[in-house]
Amino acid sequence: MPAYPRTLSPTSHEHLGSHVVPSVEVAFPKWTGAPIADAYGRKPVVSRRIEPMFVELAVASMATAYGWDARWLDELRHDSRDDRPQMMSCWDPRLGRHDQIQDPVSHAPSGAALERIAEQRGSWAGAWSVTAGHEGDVVFYQTVRGRTAPTASQIAWLDAAVAAGMSPDQFVVARWRLH
């Protein structure tokens with residue numbers, strides 16, 4: 001079983017396809033400050049450490065607070081060379097999505113795991129929203145609001161990861177809500 005960032009340690013388990021994966025519940029206050037320049041239309045913006053951010057970046061921020069190297073894998077934006085999602089560790093609320101700075105994964109085991117899964121799957125489609133690595137541990141989080149289920153594509157990514165030799169315990173459903 002991998003280690004997990006302290007505030008993102010699983011508290012339960014759930015069935016995804018043929019796998020049982022850990023899950024954790026997290027709550028964030030809704031951002032009530034000035035609107036950000038680009039909220040992907042109506043993507044929820046939460047407050048984390050008095051800063052506006054998307055839930056995926058808030059989860060990544062929770063991991064980095066404990067020394068983990070974490071990134072949001074933004075599946076809505078892709079690298080121009082392939083279907084690899086843009087990877088970000090922060091979001092400048094003054095800029096639009098196309099002006100944000102990509103920050104590729106620097107934790108070598110996380111990067112290698114992502115590449116293995118994408119190769120096994122034949123695509124980056126369904127990549128889980130947050131990757132976090134610390135020393136030899138690699139964990140992926142899929143952020144879902146409330147009782148929403150991960151998509152079929154995200155379950156196919158999990159299937160490919162297990163086929164590539166990873167453990168379902170490395171994949172955590174992060175169920176979030178506003179408080």
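All but one of (1) more than 25 Å from residue 165 (Cβ to Cβ); (2) open to solvent by less than 20 Å² (accessible area, probe 1.4 Å) hold for residue 67, so report the exception by its number.
(2)
Hey, residue 75 hits all of (1) touching a Gly at 6+ places or on another chain (Cβ under 6 Å); (2) acidic (Asp, Glu); (3) not in a loop (DSSP other than H, G, I, E, B) but one; which does it fall short on?
(1)
List the residue pairs whose Cβ atoms are under 6 Å apart, where the first residue sits in the stretch 48-69 and is touching a residue at least 40 places away in the same chain (Cβ under 8 Å) and outside any helix (DSSP H, G or I), the second is open to solvent by less than 20 Å² (accessible area, probe 1.4 Å) and not aromatic (Phe, Trp, Tyr), and the two are 6 or more positions apart or on different chains.
If the second residue must be open to solvent by less than 20 Å² (accessible area, probe 1.4 Å) and not aromatic (Phe, Trp, Tyr), the pairs left are 66/5; 68/5; 68/132; 69/133.
Mind checking which residues of the stretch 2-49 are farther than 24 Å from residue 153 by Cα, loosely packed, with under 14 Cβ neighbours inside 10 Å and of a type in the set (Val, Ile, Thr)?
7, 11, 32
Report every pair of residues separated by at least 6 positions or lying on different chains whose Cβ atoms are under 6 Å apart, first residue within the stretch 95-113 and on the phi < 0 side of the Ramachandran plot and at pLDDT below 90, second open to solvent by 60 Å² or more (accessible area, probe 1.4 Å) and among the small types (Gly, Ala, Ser).
Once the first residue is on the phi < 0 side of the Ramachandran plot and at pLDDT below 90 and sits in the stretch 95-113, its partners that are open to solvent by 60 Å² or more (accessible area, probe 1.4 Å) and among the small types (Gly, Ala, Ser) give 95/37; 96/37.
The values are calculated or read from the model by the stated rules, or taken from the named source; none is laboratory data. Please read all numbers here as calculations on a predicted model, not as lab measurements. Every residue, glycine among them, receives a Cβ derived from its backbone with ideal geometry; neighbour counts consider all protein chains shown. For accessibility, only protein heavy atoms count, side chains too; no ligands or nucleic acids. Shrake-Rupley method; radii C 1.70, N 1.55, O 1.52, S 1.80 Å.
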